[in-house]
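What follows is a single structure, written as structure tokens, with notes after it.
The values are calculated or read from the model by the stated rules, or taken from the named source; none is laboratory data. Worth saying up front: this structure is predicted, and the values here are computed from it rather than measured. Here the Cβ positions follow ideal geometry from the backbone for every residue, glycine too, while neighbour counts run over all protein chains shown.
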Amino acid sequence: MELNKEIQSLSERIEILRKEIKEGKKEKISELVQARAQFRKLTKQKMQNLTAWERVQLARHPKRPHTSDYIQNIFTDFIELHGDRRFGDDKAIIAGFAFFEGIPVAVIGHEKGKDTKEKIERNFGMPHPEGYRKAIRIMKLAEKFNRPVITFIDTPGAYPGIGAEERGQSQAIAESIMTMGGLKVPVICTVIGEGGSGGALALGVGDKILMLENAIYSVISPEGCAAILFKSQEKAPEAAESLKITAKDLKELGIIDCIVPEPLGGAHLQPKKMFRLLKRAIRNNLKKIINTDPEELVEKRQAKFYSMGRFIEK
């Protein structure tokens, strides 16, 4: 993104000036003040009217915080659990138990990986069936021990490979959706980056659905939609507008409950501030549902999702 390059350049300049001032170069203070003012002005101007396609690019930014980053900075005493007790461990999904401000919770999320080696290891955040079965195992344990479930969504979609299909990919996704729909504990889901298709929805059935300002959530990627409808992936920006995949669009449609604002320029520029903003949003939404009767939780959650579509019974 051209706009991101300009903002990123200014952000890096500010960091350099801050380090120089810490080292004793006080004469750089006025330059830092000027750079910060320029950064705020440029960022507000550029970010005010982003297109859907530009938000897609921001959602996929390689330096955007991942599930592992949020776990490390929002929760304490995280213990990761592995395996689905059937086939193996899928590293595209992180799952385990932790504490959120003293409250014991279950944490589950997609993980894309950061460097090339980790991205390959985590299959670029595209889970296999065993990843979803691992998630289901943790959800059921959370229900057994009365712990809220907090999920983070960041995937292009479930892995479509032959092996995944042979091991029951669609069934695993369906079971995950069904399990989340019936959990008798509070469930909060947050789209932190890219929410793609059923692979995202498998971790997205919650009492409260949060979405970061520059995240996306869609039944198909803009490129996939463009290839099908327009026979050309070059039409992806046009498809992105039509799909209504931004947080603003989805809030208006009633698909999500809350838009979590991002720091100026995007979450990747000020990750520590992003952690604080999301932590506050989770805290506020958890307070609203944590003392709700379990049966009422399930009833409201299911009614929420039933109301999203229209169907006729014959």
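Here's the yes/no breakdown for (1) part of a loop (DSSP other than H, G, I, E, B); (2) farther than 25 Å from LEU10 by Cβ; (3) at pLDDT 90 or above:
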{"position": "ALA236", "(1), (2), (3)": "no, yes, yes"}
{"position": "ALA239", "(1), (2), (3)": "no, yes, yes"}
{"position": "GLU262", "(1), (2), (3)": "yes, no, yes"}
{"position": "GLY265", "(1), (2), (3)": "yes, no, no"}
{"position": "HIS268", "(1), (2), (3)": "yes, no, no"}
{"position": "MET274", "(1), (2), (3)": "no, no, yes"}
{"position": "ARG280", "(1), (2), (3)": "no, yes, yes"}
{"position": "ASN284", "(1), (2), (3)": "no, yes, yes"}
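If you check ASP90, ASP77 for being closer than 29 Å to MET139 by Cβ, surrounded by fewer than 18 Cβ atoms within 10 Å (Cβ to Cβ) and touching a residue at least 12 places away in the same chain (Cβ under 8 Å), only one passes: ASP77.
Only residues that are assigned to a loop (DSSP other than H, G, I, E, B) and free of Cβ contacts under 8 Å to residues at least 60 places away in the same chain: list them for the range 193-208, please. Explain how you work it out, then say what you get.
Taking the range 193-208 as the starting set, the residues that turn out to be assigned to a loop (DSSP other than H, G, I, E, B) are 202-207.
Passing the criteria: only GLY204.
Residue-wise test of (1) loosely packed, with under 14 Cβ neighbours inside 10 Å; (2) touching a residue at least 40 places away in the same chain (Cβ under 8 Å).
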residue: GLU101; (1), (2): yes, yes
residue: PRO104; (1), (2): no, yes
residue: ILE108; (1), (2): no, yes
residue: MET139; (1), (2): no, yes
residue: GLY157; (1), (2): no, yes
residue: ILE162; (1), (2): yes, no
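Does LYS22 count as basic (Lys, Arg) and free of Cβ contacts under 8 Å to residues at least 60 places away in the same chain? Yes.
To keep it simple, each residue is scored yes or no on (1) part of a helix (DSSP H, G or I); (2) surrounded by 16 or more Cβ atoms within 10 Å (Cβ to Cβ); (3) not assigned by TED's automatic domain parsing to the domain that holds ILE289.
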| site | (1), (2), (3) |
| --- | --- |
| GLY83 | no, no, no |
| ARG86 | no, no, no |
| PHE97 | no, yes, no |
| GLU118 | yes, no, no |
| GLU143 | yes, yes, no |
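Considering only residues of the range 288-314 that are of a type in the set (Lys, Arg) and loosely packed, with under 10 Cβ neighbours inside 10 Å, which is farthest from GLY206 (Cα to Cα)? Filtering first and then ranking leaves LYS314. For the range 211-248, residues that are crowded, with 17+ Cβ neighbours inside 10 Å and without any contact (Cβ under 8 Å) to a residue 12 or more places away in the chain total 3.
Name the one entry in GLU175, GLU165 that is under 23 Å from PHE305 (Cα atoms), over 17 Å from the mean Cα position of the chain (by Cα) and assigned by TED's automatic domain parsing to the domain that holds VAL105.
Numbers: GLU165 fails: under 23 Å from PHE305 (Cα atoms).
Criteria check complete, one pass: GLU175.
When only residues in the range 158-192 that are hydroxyl-bearing (Ser, Thr, Tyr) and part of a helix (DSSP H, G or I) count, which is farthest from ALA59 (Cα to Cα)? Walk me through how you get there before you give the answer.
Looking only at the range 158-192, we keep the residues that are hydroxyl-bearing (Ser, Thr, Tyr), and these are 159, 170, 176, 179, 190.
Now narrow it down to the ones that are part of a helix (DSSP H, G or I): 170, 176, 179.
Numbers: SER170: 25, SER176: 24, THR179: 28 Å.
Going through the qualifying residues, I end up with THR179.
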